[in-house]
Amino acid sequence: MRTRNGILLLWPAISLFAQAPSFDVASVKPSAAGTRTRILIEPNGRFFADGVSLKFLIAGAWRLQPYQISGGENWTAGETWTIEATAEGVSVPAWEPPFLPDTIATRVRSLVNERFSLQSHHETRELPVYRLSIGRNGPKFKVTPSPGGRPEDITPPPGRAMAGPGAVVATAIPMQQVVTLLGRWMDRPIIDKTELTGYVDIRLRFAPESAPRPLPAQPSPDSAAPAPSEDPSIFTAIEEQLGLKLEPAREPIDILVIDSARRPAAN
């Protein structure tokens with residue numbers, strides 16, 4: 001471990017997860033122009049990704065947000081790929097985007113390492129963040145000790161969440177998942193300072209355009225652009241509806257730095 005220019009290097013440049021489980025069969029090829037991003041994961045271990053960039057794959061497999069990935073040539077974010085792969089004899093649990101389930105994530109890491117010749121390393125950098133803490137009047141959601149024993153008529157089911165532009169609904173999820181959900185709309189990491197344990201139910205509505213990193217809106221057949229929302233900003237909604245608050249700060253954050261990568265050879 002050594003320090004250089006104020007950056008703490010955790011380990012040298014290596015090919016990460018070289019010994020991780022791999023897919024039994026995998027095909028990687030350039031996506032057709034205009035291909036929309038989509039991912040399909042089947043319980044029997046089939047993985048299909050269309051219109052995904054290398055950085056998109058890295059974020060999903062390493063469970064990183066885009067702002068936690070640094071370096072790489074322009075093509076690592078601009079060019080997209082179609083991947084069809086199968087892991088025989090594995091069982092894949094239900095999963096929630098954007099991160100991949102463990103059994104698939106480890107194999108995508110191996111695929112990225114092998115097919116894209118990824119060389120990378122981790123660094124800890126002090127970056128702008130949001131600190132998530134409890135508001136002045138306390139949390140405004142229910143906290144339970146475990147996800148069990150929930151009423152069967154709750155939607156979504158316990159341990160699951162539904163999120164879209166301007167809305168989040170979740171039941172019986174840990175605070176770590178709350179942070180992950182809110183992070184989808186943020187341009188910097190969220191650091192949980194609430195010290196809340198157990199599982200929470202949340203309902204949040206906010207103006208989609210107020211988010212630092214808005215989710216893509218679905219095209220409307222009735223108008224060229226959606227009308228501005230009358231809901232509060234995401235920061236106001238988090239404080240008023242959840243009893244939490246986000247405050248700007250700076251914290252050391254883990255970053256994956258791409259040292260080099262190559263376009264995969266044609267299958």
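The set of residues from the stretch 51-93 being among the aliphatic types (A, V, I, L, M) and touching a strand residue (DSSP E or B) at 6+ places or on another chain (Cβ under 8 Å) comprises VAL52, LEU54, LEU57, ILE58, ALA59, LEU64, ILE69, ILE83, ALA85, ALA87, VAL92.
Looking only at the stretch 102-124, residues that are on the phi < 0 side of the Ramachandran plot and surrounded by fewer than 16 Cβ atoms within 10 Å (Cβ to Cβ) come to 2 in all. Give the residue that is surrounded by the fewest Cβ atoms within 10 Å (Cβ to Cβ), with candidates limited to residues of the stretch 162-173 that are under 16 Å from GLY198 (Cβ atoms) and among the aliphatic types (A, V, I, L, M). Looking at the filtered set, the residue picked out is ILE173.
Might you let me know whether the stretch 71-81 holds any residue that is modelled with pLDDT of 95 or more, among the β-branched types (Val, Ile, Thr) and assigned to a loop (DSSP other than H, G, I, E, B)? Yes - at least one qualifying residue is present in the stretch 71-81. Applying the criterion of being surrounded by 10 or more Cβ atoms within 10 Å (Cβ to Cβ), among the charged types (D, E, K, R) and part of a strand (DSSP E or B) to the residues of the stretch 1-42, the residue that is modelled with the lowest pLDDT is ARG38. For the structure I just gave you, tell me whether ARG131 is touching a helix residue (DSSP H, G or I) at 6+ places or on another chain (Cβ under 6 Å) and surrounded by 15 or more Cβ atoms within 10 Å (Cβ to Cβ). Taking the combined requirement at face value, the residue does not satisfy it. Taken together, ARG203, ARG150 contain a single residue that is at pLDDT 90 or above and more than 25 Å from ALA249 (Cβ to Cβ), which is ARG203.
Quick one: would you say LEU132 is among the aliphatic types (A, V, I, L, M), more than 25 Å from PHE206 (Cα to Cα) and modelled with pLDDT of 85 or more? No: the conditions fail for LEU132.
The values are calculated or read from the model by the stated rules, or taken from the named source; none is laboratory data. The structure presented is a predicted model; accordingly, all values stated were derived computationally and were not measured. Neighbour counts are summed over all protein chains in view; Cβ atoms, including those assigned to glycine, are modelled from backbone coordinates with ideal geometry.
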